[in-house]
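**Student:** Below are the structure tokens for one structure; questions will follow.
No lab work stands behind these numbers, since they all come straight from the coordinates. As the structure is a computational prediction, the values presented were derived from the model and not from experiment. Here Cβ is always computed from backbone atoms with ideal geometry, including for glycine, and neighbour counts include all displayed protein chains.
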Amino acid sequence: MLNTIVDFFLVKLVILLKFLDQGKPEELTGSVNESSFIPRRRRVHIRSSKLGKLELGLARARTAIREVARNGNQTTDHYYMPQGPIYKNPSAFQRSYLEMEKQFKVFIYEEGEPPLFHNGPCKSIYSMEGNFIHELEINPQYRTRDPEKAHVFFLPFSVAMMVQFIYVSNSHDTNPIRQTISDYVNVIAKKYPYWNRSLGADHFMLSCHDWGPLASSFVPSLSSNSIRVLCNANTSEGFKPSKDVSFPEINLKTGDAKGRIGGPPPSRRPIIAFFAGGLHGPIRPILLKHWKKVDEDIQVYEYLPKGMLYYDMMQKSKYCICPSGYEVASPRIVEAIYTGCVPVLISDHYVSPFSDVLNWKSFSVVISSQEIPNLKRILMAISPRKYIRMQRRVVQVRRHFEVNSPSKRFDVFSMILHSIWLRRLNIQIHDQLFKRGIELGS
């Protein structure tokens, strides 16, 4: 039986870690035993002492995180100590991260062949799909080949690769993608017991493609129950921050970020704000209408003039404007962070990456599309002293968005995993034996 936990012991982390409530089991929808995936209510009964041990470890982790969140104590870590206002609760984040390092295990289903599975783009706007899949598959710390030891199960398909290889361009026919994902879930559900025992609640998919949310909807229980790790984290399109994960869109044109990280100090940034980009989506036309060629302090372009370089302009600017396009995510957010430019997020219904632990308002400016006409007034109202603090925090938070191969502690790969770890802490999968153990130990 899969229950939600109803305790708010990580308020500052914005994690709803819910305690066992036997009287109100969570009702998960969907079934994978029928090819049509007809949604239906189902209670999950599991008899596994190994699962009980996993859940006991998670319960101890929750207790440790809750205690640190209250008392603020931190463990000495010579590699990195989360500190300062860029975090909602640095002590709780550190304890959660250390607990993840100590016990978190991911099982990757080996079924499926490249290029659609176990593969993904690494040199495009969707590069984080391929980067994450590759790093997880070679990671000896978090990957386990024993599913009985796994806390979560990864469905290693790439929506971007499906769009490239099996979708007919401009056909508007998504049935090939629908069938591929549905067949895959059917295969792993019939071969292994893990999907059916939780209706996918301890499984996750990852997609940076705009169609990621759509692809998940092809299997109802994947959309409603599973952890969806998405760049397109749009709450108006069904993204659920308590269950799903927002991760950053990073355009790695050459496969890495070499030469793109770093920038001058605030005193050598003469431009107030900068943006360059095409007219697509509902927000950018408003931005260009109000600010294109209007003010030398707010330099907004649809196309950069000849001789002007995009990253040079970001490095010369105090603020980098990051409006949504057709979808809510934008690679400009990470590009701004890389260059030490304070990002100005203009998006409606967007859940910022890693916002469980990161306090975005401490190192970015967040405005709605309705505030675009007042953009200069908003930015000029920020005092020089406050801007300098924000810019320093951008430099500090950058480590959490850097792409490394192999991955490093606290980098973007580790932060994505930590976000998944938090969602796994949000649920309890238990059986009668485990419940009895909890009662005896209480």
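**Student:** Sum up the charges of everything whose Cβ sits under 10 Å from the Cβ of Lys318, counting Lys and Arg as +1 and Asp and Glu as -1, but leave Lys318 out.
**Tutor:** Charge balance near Lys318 sits at +1.
**Student:** For the stretch 205-292, what is Rg from Cα atoms divided by 2.2 N^0.38 Å, rounded to two decimals?
**Tutor:** Taking N as the residue count of the stretch 205-292, the ratio is 1.47.
**Student:** Please flag any cysteine in the chain that has no other cysteine's Cβ under 4.7 angstrom from its own Cβ.
**Tutor:** Isolated Cys, the chain: Cys122, Cys322.
**Student:** Next question, about the same structure. May I ask you to sort Ser207, Ser223, Ser242, Ser383 by Cβ crowding, counting other Cβ atoms within 10 Å and putting the fewest first?
**Tutor:** Ser383, Ser242, Ser223, Ser207
**Student:** Ok, one more. 7 Å from Cα along Cα→Cβ at both Met308 and Glu111: what's the point-to-point distance in nm?
**Tutor:** Here the modelled spin labels are 5.3 nm apart.
**Student:** Let me ask something else. From Cα coordinates alone, what are the radius of gyration and Dmax values for the stretch 266-401 in angstrom?
**Tutor:** 13.7, 41
**Student:** When the chain is treated as a GNM, springs tying every alpha-carbon pair under 10 Å, which of Ala381, Ala201, Ala189 comes out with the largest mean-square fluctuation?
**Tutor:** Largest GNM mean-square fluctuation: Ala381.
**Student:** Efficiency by 1/(1 + (r/R0)^6): what FRET value for Arg389 and Ile138, r their Cβ-Cβ distance, R0 = 30 Å, to the nearest 0.05?
**Tutor:** 0.20
**Student:** Only Lys, Arg, Asp and Glu count, each charged at its Cβ (+1, +1, -1, -1), so figure out the dipole size of the chain about its Cα centre, rounded to 20 debye.
**Tutor:** 1300 debye
**Student:** Choose one answer from Asn426, Asn170, Asn73: the residue with the largest mean-square fluctuation in a GNM of the chain with alpha-carbon springs under 10 Å.
**Tutor:** Asn170
**Student:** If you average 1/r over every pair of different alpha-carbon atoms in the stretch 154-262 and take one over that average, what Kirkwood value in Å do you get?
**Tutor:** After inverting the pairwise mean of 1/r, the radius is 15.0 Å.
**Student:** Work out the length of the dipole vector of the stretch 173-222 about its Cα centre, built from +1 on the beta-carbon of each Lys and Arg and -1 on the beta-carbon of each Asp and Glu, and round it to the nearest 20 debye.
**Tutor:** 260 debye
**Student:** Taking the Cα centre of each part, how many Å lie between the stretch 164-233 and the stretch 383-426?
**Tutor:** Taking the Cα centre of each part, the stretch 164-233 and the stretch 383-426 sit 27 Å apart.
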